[in-house]
Amino acid sequence: MADKKYILDQATAERKLRRMAYEIVESNVEEKELILAGIEENGVVIAKQIQRMLSEISGIKTELISISLDKRHPTEITLSNKTDFNDKAIILV
């Protein structure tokens, strides 16, 4: 069986995601709460990793929601849960 080819190895991907988490904190230092909205499938996986890292480096409260849509025809969008978006920064992943 052929070995899979990856663009980034695990350590490099982890560093890049951690840097993204720091940039999110730096850009949203005044925020009390962030909503991480991951587009299913891969966006949710990455959003969960970023949420974990944000909890390690910051006291900013985070909420994770998933967005389900047909990427070819994105007319119907479904959120994993209803939430109040007022006065919250939203990070789309």
**Message:** Based on alpha-carbon centroids, what's the gap between segment 61-93 and segment 14-34 in Å, whole number please?
**Reply:** 18 Å
**Request:** Mind checking the full-extension length gain between residue 7 and residue 85? Use 0.36 nm per residue of separation minus the Cα-Cα distance, one decimal, nm.
**Result:** 24.6 nm
**Message:** Need the full-extension length gain, residue 14 to residue 45, defined as separation in residues times 0.36 nm minus the C-alpha distance. One decimal, nm.
**Reply:** 9.9 nm
**Prompt:** Can you pull the percent of segment 1-90's accessible area that's carbon plus sulfur, 1.4 Å probe, other chains left in place?
**Reply:** 51 percent
**Request:** Read through the labelled values (1) 1.05; (2) 1.22; (3) 1.34 and report the label of the one computed as Cα Rg over 2.2 N^0.38 Å from the structure.
**Result:** (2)
**Request:** Provide the per residue accessible area, probe 1.4 Å, for the chain, rounded to a whole number of square angstrom.
**Result:** 76 Å²
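The values are calculated or read from the model by the stated rules, or taken from the named source; none is laboratory data. These figures come from a predicted structure and were not determined experimentally. With ligands, DNA and RNA removed, areas are computed over all heavy atoms of the protein, side chains included. Shrake-Rupley method; radii C 1.70, N 1.55, O 1.52, S 1.80 Å.
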